[in-house]
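Have a look at the structure below before the remarks.
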């Protein structure tokens, strides 16, 4: 399998993973309809990448063939139809891991895209890698009126940031191993984030701005 | 009257309608000044279309001659000056119909614009038609801290979606009747939405993700 | 010192000022980590200008050399590290003045950029001047779940708007004094806003949409 085919399937997987997790964001007190679920699922799935593409000034990734947006709409609609299944606590935890997978894939793909555009000042692949991973979820949380990821001390941005930094290092020092690097760095983010979910880790205290209690 | 002139006037009407309805979004507990009313009115009026134009990568529609933004600023300022008039319950209901009119016009014009850009995979005119109609109002609601349209079971997205679908069908099967189609599909959205307002209809139960009570 | 060098340093000053003030936005009840502080600081610093550049369709200002984003990240990280310093009431007031300085510089620089792009219909430099000044702060407030500037009767938009209008007047009537105009109009905004902070002025009553009490 070549890089392009791999990217195609990993991207589809990430879109579906994120679209499905939109259901996580729905507050227990709200009644939302299937169209809102589809809109929120799609925004979660393509929002971060859309923002990235707009800012760097390249065509938005899901436009030409509309594959990603169709996948996102379909996946969200399926989640709505199969909603009783998503109610159990076990599935909720599964969703967290799926979200970690989506974040890992989008972060590394974003980093690769930015590097490929010649934006190689190291801060730029990091900024846009993180944006690709968390942008969609943040827009979704704003739209549903939830606290965004930024306002929690969940261990989320650190794994993403470290993974993107590893990818930048691979571009700099092992430019002949991009494909292996892509898989390894995505795995790095996923595993680190999965550990954070499993052991309920949060950001170390010295990195948190505690409010006066 | 030719299509272009019709579009020009319908667009102006929609901008004014949406700018006026921004006053609806102001929470009773808040004190907002004339400048905030103008900013919110303008965002409601041009926000959805701006987002659409940015994502598809065409020049933002209100830029070259600034007509739409001037109309929106003027209409919002008038609403501020005539604010006692907008306090009665009767006018409030009138505003709802005005909002339905704005949504109907923007949805169909958005659909037509997207189709004209060659984005004819059916899901794209639908996505951007809905975005044109509800985008501005959603940004406004986020800015004022109100629950957005997505978090209610109001019957709003369905009429818009069906109207856009009708317009896509006209492009596909009756490409010689675009002008008539534009009027009919706008009317379809407006009438369906007006019925929803009048009889206080909401999204059918089987389409709503009820929370555990 | 020529105009370009002056603009370069004034812009850097504004970016740092805004990045620092992001710490103001953090609600006392929230615990946010260093990465969230950096994200919020950067968005406050470059958000308004990014939105402006996207809408007018020019390359986003911080992209090519990434200077602004590096400054913003660095300044935000410093604020996080020196956070005990930012807890005192005196420093809080200093932050308000710093924020006024950032708004003044960004507003006038935004106005100048828009005029330079040939968008000389007077409403456009005003719209984008105000957007450059308040856009970043509004996005930040939405992300942290705070009431945005628009929902208060703080005297903020009026000074910015008047300063941008002065700058437009200078372009129209004294096009040979752009540099002096830039300094004077920035000073005008800063002084007016500083007075508002010092004497705790708010928008005059006749300009405020009071809610029913």
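With the requirement that a residue be farther than 14 Å from residue C:127 by Cα and buried (at least 17 other Cβ atoms within 10 Å of the Cβ), what does the stretch C:161-177 give you?
Listed by number, the residues that qualify are C:170, C:171.
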Quiz item: Among the residues of the stretch A:110-136, how many are buried (at least 19 other Cβ atoms within 10 Å of the Cβ) and either facing chain C (nearest Cβ under 10 Å) or touching a helix residue (DSSP H, G or I) at 6+ places or on another chain (Cβ under 6 Å) (or both)?
Solution: 17
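Kindly check whether there is at least one residue in the stretch C:23-30 that is within 11 Å of chain A (Cβ to nearest Cβ), surrounded by fewer than 23 Cβ atoms within 10 Å (Cβ to Cβ), outside any helix (DSSP H, G or I) and out of contact with any helix residue (DSSP H, G or I) (no Cβ under 8 Å at 6 or more places or on another chain).
Yes, some residue in the stretch C:23-30 is within 11 Å of chain A (Cβ to nearest Cβ), surrounded by fewer than 23 Cβ atoms within 10 Å (Cβ to Cβ), outside any helix (DSSP H, G or I) and out of contact with any helix residue (DSSP H, G or I) (no Cβ under 8 Å at 6 or more places or on another chain).
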Quiz item: Among the residues of the stretch C:56-65 satisfying the criterion of being within 10 Å of another protein chain (Cβ to nearest Cβ) and not in a helix (DSSP H, G or I), which is modelled with the lowest pLDDT?
Solution: C:64
Quiz item: For the stretch A:71-83, what are the residues that are at the interface with another protein chain (Cβ under 9 Å from one of its Cβ atoms) and either assigned to a loop (DSSP other than H, G, I, E, B) or under 15 Å from the mean Cα position of the chain (by Cα) (or both)?
Solution: none
Quiz item: Residues of the stretch C:139-151 being surrounded by fewer than 23 Cβ atoms within 10 Å (Cβ to Cβ) and under 24 Å from residue B:74 (Cβ atoms), which ones?
Solution: C:148, C:149, C:151
Exercise. Please state which of the following conditions residue C:127 fails to meet, knowing it meets all the rest: (1) assigned to a helix (DSSP H, G or I); (2) in contact (Cβ under 8 Å) with a residue 12 or more places away in the chain; (3) under 30 Å from residue B:64 (Cα atoms).
Key: (2)
Self-check item: Yes/no for residue C:104 being surrounded by 22 or more Cβ atoms within 10 Å (Cβ to Cβ) and either under 18 Å from residue C:163 (Cα atoms) or touching a strand residue (DSSP E or B) at 6+ places or on another chain (Cβ under 6 Å) (or both)
Solution: yes
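Yes/no per residue for (1) under 19 Å from the mean Cα position of the chain (by Cα); (2) over 30 Å from residue C:71 (Cα atoms):
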position: A:34; (1), (2): no, yes
position: A:46; (1), (2): yes, no
position: A:52; (1), (2): yes, no
position: A:67; (1), (2): yes, yes
position: A:89; (1), (2): no, yes
position: A:93; (1), (2): yes, yes
position: A:106; (1), (2): yes, no
position: A:109; (1), (2): yes, no
position: A:118; (1), (2): no, no
Exercise. Working carefully through the options C:182, C:176, find the one that is closer than 19 Å to residue C:116 by Cβ, part of a loop (DSSP other than H, G, I, E, B), away from chain B (no Cβ under 14 Å) and out of contact with any strand residue (DSSP E or B) (no Cβ under 8 Å at 6 or more places or on another chain).
Key: C:176
Practice problem: Please go through the stretch B:58-83 and pick out each residue that is out of contact with any helix residue (DSSP H, G or I) (no Cβ under 9 Å at 6 or more places or on another chain) and either more than 15 Å from residue B:11 (Cβ to Cβ) or surrounded by 19 or more Cβ atoms within 10 Å (Cβ to Cβ) (or both). | Solution: B:82
Quiz prompt | Any chance residue A:40 is buried (at least 24 other Cβ atoms within 10 Å of the Cβ) and within 9 Å of chain B (Cβ to nearest Cβ) | solution = yes
Exercise. Go over the candidates C:68, C:53 one by one and state the one that is within 11 Å of chain A (Cβ to nearest Cβ) and either closer than 28 Å to residue A:207 by Cα or in contact with a strand residue (DSSP E or B) (Cβ under 9 Å, 6 or more places away or on another chain) (or both).
Key: C:68
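The values are calculated or read from the model by the stated rules, or taken from the named source; none is laboratory data. Being a predicted model, the structure only gives us computed values, none of them experimental. Reconstructed Cβ throughout: ideal geometry from the backbone, glycine too, with neighbour counts over all protein chains shown.
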